[in-house]
Amino acid sequence: MSQRKTFYVTTPIYYVNDQPHIGHVYTTTLADVLARHHRIRGEDTFFLTGTDEHATKVVDAAAERGLSTQDWADKNAKAFRETFARLGISNDDFIRTTEDRHKSRVLGYVKCLIDSGDVYKGDYEGWYDAGQEEYVPELKAKEQDFKGVISGKPLIKKSEKNYFFKLSAYSAELIDLIERDVFKVAPEARKNEILNRLKTARDIPLSRTGVADWGIRVPGDEEHSIYVWIDALFNYLTAVDTKERRHYWSADVQFVGKDILWFHAAIWPGLLLALKKQTDYGWIELPKVLYAHSFWIREGRKMSKSLGNFVDLEEIDAYVVDFSLDGLRWFLVTQGPLGTNDGDFARERFAEVYNADLANTLGNCVNRVATMTHQIFGGVLPGSGPDIEGSSELRDAVAAGVTKAAAAVDEIAIDAAAAAGLEIVRAVDGFIAKTEPFRAAKQGREAELPTILYHCSEALRVASLILWPVLPGKIEAFWEAAGYNYASRIAAGGGEIKSWAQWGGAREGQKIGQIKLFQRFKVPKAEGGGKQKQNQKGQQPKKKKAPKVKAPPPGPKDELSYEEFCALDIRIARVEAAEAVAKADKLLQLTLRLGDGETRTVLSGIREWYSPEEMVGQQVVYLANLAPRKIRGIMSQGMVLAANDVGNAAVLLQPIKELPDGAKVS
RNA sequence: GGCGGCAUAGCUCAGUCGGUUAGAGCGAUGGCUUCAUAAGCCAUAGGUCACUGGUUCAAGUCCAGUUGCCGCUACCA
């Protein structure tokens, strides 16, 4: 048996605490469509998805519900698995990071990296400022003359006990590989982004301490757990690191959302480069393409947890009821945020696209051709007669569509591939309008009918092959009605689109079944004032970014003694002056009056939400005895207190009535 | 603040190495047609190609600046 070309595609593994929503479905659908494109080509295709389960929060979430961590993870992993199954996703495997096959291999990789020296323990030599109890980055330390900002005492070189991965040792090589597209990061804008960031790449922590009995321990050092991100990234490798599957490596295409670009475009390939150097892992190459799509917004607004406006499973199901599963897939693929811009999941738009592309164009065309075949030839396909006007042009259009679609698939432009398929259908509609088979008899052109109807059916057959990856359910129904056995041949690994898409595959004498693939969706007439257009240009709602995940912030203590509380000097203060800080987007410099003519200068990161003008004269709640700190060259004496609104906007706190400046809060 | 990207018809977007009247799909309007799912076909839409300046025989397409938006990054203790 000759070696079939392989194709390995992955989605991220999904955080098991999440409820599946449109974002998960989107990424997974993209991978599914691409996998099917390659299956119909006859390639040995492997499509992987799964769940990421070792986060500490999984332990918490389970505890909150009185479940064991494993039970909670099982339950949610099952939700993902079942959702994808129900949505017709054709993944070949579903990996969970809590599975032994994953854990055992990750141990092996990490051990190997430790042995090689690419993972080292804790000699993170940082400049520690004892006064501030924090590490100061090298550059900053130099700026400060290696002295504490406040104390003026010399910084101490101190080391943290942790495992680190030597990403910095691989950044130059990564930059080179990405620049030359050996490891291709797409779209282009993401590539630039990552190249820029790699320039300043530092070593990254690979482990954490103090985690409950959950996760994977660092081999040989039970006090440390492998950082969950590292653990998770390895899934792409563990799933195929077996004798039977190793030939799938490396991944041909990895789909991710733009939010996790850094992990997949820098850390992940960095780990692989390090592993590859080791004798046992010489076969490891980098993935070929990392594709970072953008996000769905909804009716012009960003989807977020705090807004609670995710398109969730319930709604996805409702869309499937109204528009069919393939209708959903079509919308996701053709209207989705494959590029750098976010896409809008808007119901009105959904219905428009569904009706225009699927009901009016594809469904209607298939139906009209079948009906004419029935009326004229009793439902049996005639053989083609001599060429007539327009027939060779139609064949050209079909061939062009096939070529275009194939090229699009190679570039992962699955939206363009779908469009190429639909273009063929449009060409059929145009051909029918031109040749008017329904009038031919009256005009004495009966002789043209076999050619006309054969061309229509044949063109639709070829279009169906291109459209199958996006619309597998409906296209298979079409195949069944027309007696094509492509579905079973693809399922058996015998896809052959190249030969199938050649002109002439439809056979004289085959039955053309009548079928209505996509019912037109009637927009419920709910009038009463014009409908408001969301998402007008230039009126995009201002979006606030989700907070970045940084070094884990020290959470609140479980308990605080009264004495500790009393140690806080909280006061009411009046903003006497406010101005934006130069070279900082978020900072406002406030001059606070505490009464008795005493004033303090405080910097606060609230500029996004408060202008200097509106701040002046306001009373605020002020923590006065916080250790002063130099920010942007200005000494900030304490902090102004604010609470987080939905979407993480800061909202300043104020006394419910005017108070004397400097009033004590207790 | 630094780096990068984008700004083209009502909407979503194409526009390759700069070169005749700037394109597609959707929507809208008008006409044709009836095989078909109130579907189809054709025509039309007068878009300062963000703004200003520059290079060139010639710029949406290159350069500089301006404005707006987006992303990464710094700053928010």
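Derivation of every value follows stated rules applied to the coordinates shown; laboratory data play no part. From a predicted model like this one, the values you see are computed outputs, not experimental measurements. Positions of Cβ are backbone-derived with ideal geometry, glycine not excepted, and every protein chain shown enters the neighbour counts.
Find the percent of Cα-Cα distances in chain A that exceed 44 Å, and round it to a whole number.
38
Using only Cα atoms, find the angle between the long axis of helix A:364-377 and the longest principal axis of chain A, and express it within 0 to 90 degrees, rounded to the nearest 10.
10
Calculate the radius of gyration of the Cα atoms of the range A:2-112 to one decimal place, then report Dmax, the largest Cα-Cα distance, as a whole number, both in Å.
For the range A:2-112, the Cα radius of gyration and maximum Cα-Cα distance read 15.8, 55 Å.
When only C-alpha pairs under 8 Å and at least 6 residues apart count, what is the relative contact order of chain A, in percent?
In percent, rounded to a whole number, it is 12.
If you count, for each residue, the other Cβ atoms within 10 Å and average over each peptide, how do A:482-494, A:335-347 line up from highest to lowest?
Result, highest mean first: A:335-347, A:482-494.
Per-residue HN-Hα couplings for the range A:655-666, Karplus 6.51 cos²θ - 1.76 cosθ + 1.60 at θ = phi - 60°, whole Hz, x for Gly and Pro?
Here the 3J(HN,Hα) series is x, 6, 9, 4, 10, x, 4, x, 4, 7, 9, 8 Hz.
Using only the alpha-carbon atoms, how far is helix A:100-116 inclined from the longest principal axis of chain A? Give it as 0 to 90 degrees, nearest 10.
That works out to roughly 60 degrees.
Full-extension gain between A:Lys511 and A:Ala580, please, as 0.36 nm times their residue separation minus the C-alpha to C-alpha distance.
Contour length minus the Cα-Cα distance gives 17.3 nm.
So, by mean Cβ neighbours within 10 angstrom, what's the order for A:247-260, A:307-320 with the highest one leading?
By packing density, highest mean first, the sequence is A:247-260, A:307-320.
Relative contact order, percent, of the range A:566-666 when contacts are C-alpha pairs under 8 Å separated by at least 6 residues? Each step should come with its number before you reach the end.
Details: 225 pairs, mean separation 33.2, N = 101.
It comes to 33 percent, rounded to a whole number.
Helix-derived [θ] at 222 nm for chain A: sum -39500 (n - 2.57) over DSSP H runs of at least 4, divide by residue count, nearest 500?
-11000 deg cm²/dmol
Can you give the log10 of the normalised intensity I(q)/I(0) at q = 0.22, 0.26 Å⁻¹, computed with Debye over equal Cα scatterers of the range A:410-504?
Treating every Cα as an identical point scatterer, log10 I(q)/I(0) equals -1.15, -1.38.
Antiparallel DSSP bridges in chain A: what percent, to the nearest 5?
In chain A, DSSP labels about 65 percent of beta bridges as antiparallel.
Give me the net charge for the shell around A:Glu393: Cβ to Cβ below 11 angstrom, other residues only, Lys and Arg +1, Asp and Glu -1.
Its environment carries a net charge of -1.
With point charges of +1 on the Cβ of Lys and Arg and -1 on the Cβ of Asp and Glu, referenced to the Cα centre of chain A, which listed residue (A:Ala492, A:Ser207, A:Val353) lies farthest in the positive direction of the dipole?
After comparing all options, I get A:Val353.
What is the helix-to-structure angle for A:188-198, meaning the angle in degrees between its Cα long axis and the longest Cα principal axis of chain A, kept from 0 to 90 and rounded to the nearest 10?
Relative to chain A, helix A:188-198 is tipped by roughly 30 degrees.
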